[in-house]
Amino acid sequence: MVVQPDPGKPNERRHRSEPLLRDIYIADPSAHLFEGRIYVYGSHDIDGTTPEDDLGSHFEMRDYQVISMDRVGGEVTIHEVALDVDDVPWASRQMWAPDAATKNGRYFLYFPAKDHEGVFRIGVATADRPEGPFRAEPEPIKGSHSIDPAVFTDDDGASYMYFGGIWGGQLQRWTMGHYDPNGSKTDLEQDEQPALNPRVARLTDDMLEFAEPPREALILDEKGFPLLGGDHDRRFFEAAWIHKHAGQYYLSYSTGDTHYLTYATSTSPYGPFTYRGRILEPVQGWTTHHSILQVAEQWYLFYHDTQLSNRTHLRNAKVTELTHRPDGTIEVIDPFLR
Ligand code: FUB
């Protein structure tokens, strides 16, 4: 199937980058360099039947298909289905944004999905090859909840998972240490109180469990105060990603309802992180979700928009160059400017 833009809704603004592929919809692209090749692990968007709502019920993804390329700009290979929801005993629906990692020649796919009670959990599946097929562990990771896992391996070999997302991602329903089905549908509903932050936990040596209880990766303003719930332009919403540059840990994330990709830095993988600015101005489409990858000397931002479909839940992956300035800040990217 070739995905064509909806002719009834022309995209009038010129985009900075073209979609990486047009055959299937891939969103939330998590890019990694494995075995000298770029592999991208994303959501495989489909057009389901569930009506659109504020909780993202219309994001009904059922499987993952890895894409790969030998270089940015090279031919993109779409691999066979890597993991299907029917092959995950604990999962019922909504295979959202995944990530991947490798250790000792094994590959690990980390993915959120709703369990049979409708609660988001995070699972792990293993494979011998970066593209899969992956075999899921029978249970979700103990202590995992919410969405958008991102796994970062530090120079000393320790791996950490960052995760969480508010609104449909349910993070606001875990403030008591357990899932509250009657909790807020959006956030803490306390604009003057500290906002929710992503969670971080080191992984066990076998990469299959948390080695410690997840903790908050605090995001502070320039004066050292927590970002507040009402600070929608800067506070964490979803899509955490970590990269390390010049000895600093960069936590980047989406501000959700204000549609920015922003970042904060720290000298520790646990934070606290200090807010530094924006990476990407709003793209076409509601969601914005990304990864940051260095290939040789060049850094890249993988992201998505809805250029091909003009529909919120049918997104296409893209890539563009990203630049760190000498002072450690990142040049802001306008998705509509070359
Ligand atoms: O793809 C489904 C959800 O949309 C992701 O988990 C969020 O980050 C947002 O991109």
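In plain terms, if you count all Cα to Cα distances in the stretch 230-338 and split them into 5 Å steps from zero, the share in each step is 2, 13, 23, 26, 19, 11, 5, 1, 0 percent.
Between Asp233 and Glu321, the modelled labels are 2.9 nm apart [label points 7 Å from Cα along Cα→Cβ]. For the stretch 52-106, trypsin sites (Lys or Arg not before Pro) meeting the loop criterion (DSSP other than H, G, I, E, B) and having at most 15 other Cβ atoms within 10 Å: Arg71.
Taking the Cα centre of the stretch 14-337 as origin and assigning +1 to Lys and Arg Cβ atoms and -1 to Asp and Glu Cβ atoms, the resulting dipole is close to 360 debye.
Here's the list of lysines a cross-link from Lys142 could span, going by alpha-carbon distance under 29 Å and ignoring same-chain residues fewer than 8 apart: Lys103, Lys114, Lys185, Lys244. Convex hull volume of the Cα atoms of the chain, normalised per residue: 132 Å³.
Largest GNM mean-square fluctuation across Glu117, Glu238, Glu137, computed for the chain with C-alpha springs under 10 Å, falls on Glu117.
Throughout, read-outs are computed from the coordinates displayed, never taken from laboratory work. Everything quoted here is computed from the prediction, not taken from an experiment. Cβ atoms come from the backbone with ideal geometry, glycine included; neighbour counts cover every protein chain shown.
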